[in-house]
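A short worksheet on the structure shown next.
The values are calculated or read from the model by the stated rules, or taken from the named source; none is laboratory data. These numbers come from a predicted model, not from an experiment. Ideal geometry is used to build each Cβ from the backbone, glycine not excepted, and the neighbour counts take in all protein chains shown.
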Amino acid sequence: MKRLSIFVSGNGTNLQRIAEYFSDNPTVEIANVVCNNPKAYSIERAKNLGIPMRMITKADFSSEAFTKEMQSLDIDLIVLAGFLWKIPESLIKAFPNRIINIHPALLPKYGGKGFYGEHVHEAVVAAKEPFSGITVHYVNELYDSGEIILQAHVALDKNETPDSLAAKIHKLEQAYFPVAIEQVLSDQ
């Protein structure tokens, strides 16, 4: 049995999609959801899916106790699904090559501190890029610089807006993120 922990900060559509994707797979279990935003709709999604929820504060998150708690759950893979905090070094060391993230751009472009969500789409459209997409990558000590697992791209239209690009990126996330997770689990 492979056990996932999914870290979220927002709406939780990727959490929902991942749970649906693995719902008929008896070898994969979502052990818990970790959330840093008490107003996130992800909390409701986890509740509806019957997945244990763990709310965290900044102090909790960077504590050794939280790292030990995660280790005690026998987690095989931590999945950042719209999680907006930088992962502490202690957690990265405790889960080497076992934390992955999805980024809404084709890294290495439009990555790093401050590049998340609509900020990425605004920058891509302003630069008149011909393509954008998603990158699923391993997490290391630096923002958005871990080894790339998977990328998928879409073309930008002549009249692309940040909102229309966000909708295209969301479709890529829904299609490819669970597949990338499955690939990582099978490679472990």
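Every test in (1) without any contact (Cβ under 8 Å) to a residue 40 or more places away in the chain; (2) under 27 Å from Ser5 (Cα atoms); (3) aliphatic (A, V, I, L, M) is passed by Val139 save one, and that test is (1). Taking the criterion of being exposed (fewer than 15 other Cβ atoms within 10 Å of the Cβ) and not aliphatic (A, V, I, L, M), the residues of the stretch 73-89 that qualify are Asp74, Trp85, Lys86, Glu89. Once the stretch 99-116 is narrowed to residues that are surrounded by fewer than 20 Cβ atoms within 10 Å (Cβ to Cβ) and without any contact (Cβ under 8 Å) to a residue 24 or more places away in the chain, the residue that is nearest to the chain's Cα centre (by Cα) is Gly114. Taking into account only those residues within the stretch 80-99 that are over 16 Å from His170 (Cβ atoms) and in contact with a helix residue (DSSP H, G or I) (Cβ under 6 Å, 6 or more places away or on another chain), which is modelled with the lowest pLDDT? Per the stated criteria, the residue is Ser90. With the requirement that a residue be touching a residue at least 12 places away in the same chain (Cβ under 8 Å) and assigned to a loop (DSSP other than H, G, I, E, B), what does the stretch 148-160 give you? Across the stretch 148-160, the qualifying residues are Leu156, Glu160. Restrict the check to the stretch 37-51 and report whether at least one residue is under 16 Å from the mean Cα position of the chain (by Cα), among the basic types (Lys, Arg) and on the phi < 0 side of the Ramachandran plot. Yes, the stretch 37-51 has at least one match. Looking at (1) in a helix (DSSP H, G or I); (2) closer than 13 Å to Ala105 by Cα; (3) acidic (Asp, Glu), which one does Glu182 not meet, given that it meets all the others? Failed condition: (2). Based on this model, can you work out whether Gly82 counts as assigned to a loop (DSSP other than H, G, I, E, B), within 21 Å of Leu185 (Cβ to Cβ) and either among the hydroxyl-bearing types (Ser, Thr, Tyr) or within 16 Å of the chain's Cα centre (by Cα) (or both)? Spelling it out, Gly82 is indeed assigned to a loop (DSSP other than H, G, I, E, B), within 21 Å of Leu185 (Cβ to Cβ) and either among the hydroxyl-bearing types (Ser, Thr, Tyr) or within 16 Å of the chain's Cα centre (by Cα) (or both). Taking residues in the stretch 56-73 that are under 10 Å from Leu91 (Cβ atoms) and without any contact (Cβ under 8 Å) to a residue 60 or more places away in the chain, and partners anywhere that are β-branched (Val, Ile, Thr) and surrounded by fewer than 16 Cβ atoms within 10 Å (Cβ to Cβ), not one pair has Cβ atoms closer than 9 Å while being at least 6 places apart or on different chains.
What residue, among those in the stretch 47-72 that are surrounded by 13 or more Cβ atoms within 10 Å (Cβ to Cβ) and among the β-branched types (Val, Ile, Thr), is farthest from Ala19 (Cα to Cα)? It comes out as Thr67.
The sole residue among Lys47, Lys68, Lys109, Lys93 that is out of contact with any Leu (no Cβ under 9 Å at 6 or more places or on another chain) and assigned to a loop (DSSP other than H, G, I, E, B) is Lys109.
Quick grid of which residues meet (1) under 13 Å from Ile100 (Cβ atoms); (2) without any contact (Cβ under 8 Å) to a residue 24 or more places away in the chain:
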{"position": "Ala127", "(1), (2)": "no, yes"}
{"position": "Gly133", "(1), (2)": "no, no"}
{"position": "Gly146", "(1), (2)": "yes, no"}
{"position": "Pro162", "(1), (2)": "no, no"}
{"position": "Lys168", "(1), (2)": "no, no"}
